[in-house]
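I am attaching a structure below and will ask some questions about it afterwards.
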Amino acid sequence: MTQPAVTADAGTPVNPVLAEVVRSGFVEGRHRGSVVLIGADGQVKLAIGDTASPVFPRSSNKPMQAAAVLRAGLDLRAERLALAAASHSGEAFHRDLVRTMLAEYGLTAEQLQCPPDLPLDQEEQEAYLAAGGRRDRVAMNCSGKHTAMLAAAALRDWPLESYLDPEHPLQRVIRTVVEEAAGEPVAAVGVDGCGAPLMAVSLTGLARAFRSFVRAAPGTPERRVADAMRAHPEYVAGTRRHDTWLMKDIPGALAKVGAEAVQALALPDGRALALKVDDGAPRALGPVLGRALRLAGVAAPVVDRVGRAPLLGGGREVGEVRAVF
């Protein structure tokens, strides 16, 4: 089934409304976007909006980046490999493992080129600041990925100071992995929030990429990344994050969120989905994801958990963000 984007008067495609913001029974806002579902047979079963044009997957690209450091020869395993694919919450166990990995490879936090930041998780951030914490590169949610990139470059005797240059040998390996997994060429290269090269593919390509990771042969870099993420989801996200809940509660699920309301997920039988909310609003991501999972045939209780987005008024629930597709 396909529900294409409509064309505005100016000729620009306009994606359909995926979610409504309902307050006190009144629709006060709408979020447009696109969703693609791939079946176990690898064929597109549902496409809502424009799923063929390139988007920046943001951190949903991280499994591909982690597979590339393995291809480069870095032998990461278990929690370390999960952290290499993480947008971690900055909880103490995340920060501790980043520091451990830096020390193991003879690196320092000052060599990381991700920006200093506070923990991503709000509760952790409050505790961190109360304990006297300051913005730090290790606390930044991409520090595990940057540590793995630096370690891979050091292992291969590639330049460390330019590891984020799109023409750096490691970044060329990453581009190859992205293109192979997505089954399409990278359409554009930008700069992600952490400073790393960001490679654009279509939502359909992103769903194919996640499907390829869960369907890869055991022992391959792609399957090793998928297995590590699924075995240690709290290192991929955190103790209060929906990627962790999804991978814990849906058997064999591989899930990774990205900034600007991007989400990709694959199941071990080959079903996969990718979505993006056009305006990047995180409040719409959960309801859209919950609806997409139901359409994909996933009935686990966690679907309701991630799909619920209540609105508050005066400290009490007065509405919700709800999916409408």
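The values are calculated or read from the model by the stated rules, or taken from the named source; none is laboratory data. Bear in mind the structure is a predicted one, so any value in this text is a computation, not a measurement. As a convention, Cβ positions derive from the backbone with ideal geometry for all residues, glycine included, and neighbour counts pool all protein chains shown. These area figures cover heavy atoms from the full protein model, side chains too; ligands, DNA and RNA do not enter into them. Shrake-Rupley method; radii C 1.70, N 1.55, O 1.52, S 1.80 Å.
Whole percent per 10 Å bin, from 0 to the bin with the longest distance: what is P(r) over all C-alpha pairs of the stretch 72-120?
Histogramming the stretch 72-120 at 10 Å steps yields 22, 60, 18, 0 percent.
For residue 93 paired with residue 191, estimate the spin-label separation in nm (one decimal), with each label point 7 Å from Cα along the Cα-to-Cβ line.
3.5
Give the peptides 282-292, 168-178 in descending order of average Cβ contacts within 10 Å, highest first.
Descending packing order for the listed peptides: 282-292, 168-178.
Summing +1 for each Lys or Arg and -1 for each Asp or Glu, what net charge is found among the other residues whose Cβ lies under 12 Å from the Cβ of residue 40?
Summing Lys/Arg as +1 and Asp/Glu as -1 gives +2.
Top to bottom by accessible area (1.4 Å), largest first, where do 121, 278, 157, 136 land?
Working: 121 15, 278 75, 157 135, 136 50 Å².
Descending order: 157, 278, 136, 121.
So who's got an amide H within less than 5 Å of the one on residue 33, skipping anything under 5 residues away but keeping other chains? H placed 1.01 Å off N, in plane.
18, 278
At a 1.4 Å probe, what is the % contribution of carbon and sulfur to the accessible area of the chain?
50
May I pose another question? So what J values fall out for the stretch 188-201 if you push phi through Karplus, 6.51 cos²θ - 1.76 cosθ + 1.60 with θ = phi - 60°, rounded to Hz, Gly and Pro as x?
Values per residue, Gly and Pro as x: 7, 10, x, 10, 6, x, 8, x, 6, x, 10, 10, 8, 9 Hz.
Just list whichever of 145/248; 62/276; 256/276; 45/256; 145/256 have alpha carbons separated by over 18 Å in the model shown.
Working: 145/248 22 Å; 62/276 16 Å; 256/276 12 Å; 45/256 21 Å; 145/256 14 Å.
145/248; 45/256, as the Cα separations exceed 18 Å there.
Right, another one. What does the charge count near residue 169 come to, summing +1 for each Lys or Arg and -1 for each Asp or Glu among other residues with Cβ under 15 Å from its Cβ? List each step's numbers first, then the result.
Working: positive: 71, 156, 172, 175; negative: 157, 161, 165, 167.
Local charge sum for residue 169: 0.
Divide, for the chain, the radius of gyration over alpha carbons by 2.2 N^0.38 Å, where N is the residue count.
Normalised by 2.2 N^0.38 Å, the Cα Rg of the chain equals 0.97.
Measure off 7 Å from each Cα along the Cα-to-Cβ vector at residue 156 and residue 135, then give the distance between these two points in nanometres to one decimal.
The answer from the label model is 3.1 nm.
A follow-up question, please. Rounding to the nearest 10 and keeping the result within 0 to 90°, find how far the Cα-based axis of helix 169-182 lies from the longest principal axis of the chain.
Helix 169-182 sits roughly 30 degrees off the main axis of the chain.
Starting from the Cα of residue 231, step 7 Å along the direction of its Cβ; do the same at residue 26; then give the gap between the two resulting points in nm.
The answer from the label model is 5.4 nm.
Could you tell me the accessible area of residue 56 in Å² (1.4 Å probe, neighbours in place), rounded to the nearest ten?
Roll a 1.4 Å probe over it and residue 56 shows about 80 Å².
Under the Karplus relation 6.51 cos²θ - 1.76 cosθ + 1.60, θ = phi - 60°, what is the ordered set of whole-Hz ³J(HN,Hα) values for the stretch 283-295, x standing for Gly and Pro?
5, 8, 4, x, x, 5, 4, x, 5, 4, 5, 5, 5
If you count, for each residue, the other Cβ atoms within 10 Å and average over each peptide, how do 304-316, 26-38, 64-76 line up from highest to lowest? Intermediate values should be presented prior to the final figure.
On the way: 304-316: 12.8, 26-38: 19.8, 64-76: 23.1.
Taking the mean over residues of other Cβ atoms within 10 Å, the ranking is 64-76, 26-38, 304-316.
I would also like to ask the following. Just subtract the alpha-carbon distance of residue 318 and residue 165 from 0.36 nm times their residue separation and send over the number in nm, one decimal. Each step should come with its number before you reach the end.
Numbers: separation 153, 0.36 × 153 = 55.08 nm, distance 4.81 nm.
So the extension gain works out to 50.3 nm.
In what order, largest first, do 167, 124 sit by accessible area if the probe radius is 1.4 Å?
167, 124
For n ≥ 4 DSSP H runs only, could you compute -39500 (n - 2.57) per run for the chain, divide by its residues and tell me the 222 nm figure to the nearest 500? Display every interim value, and only then the final one.
Values: 12 runs with 123 residues, N = 325.
Helix contribution divided over all residues of the chain: -11000 deg cm²/dmol.
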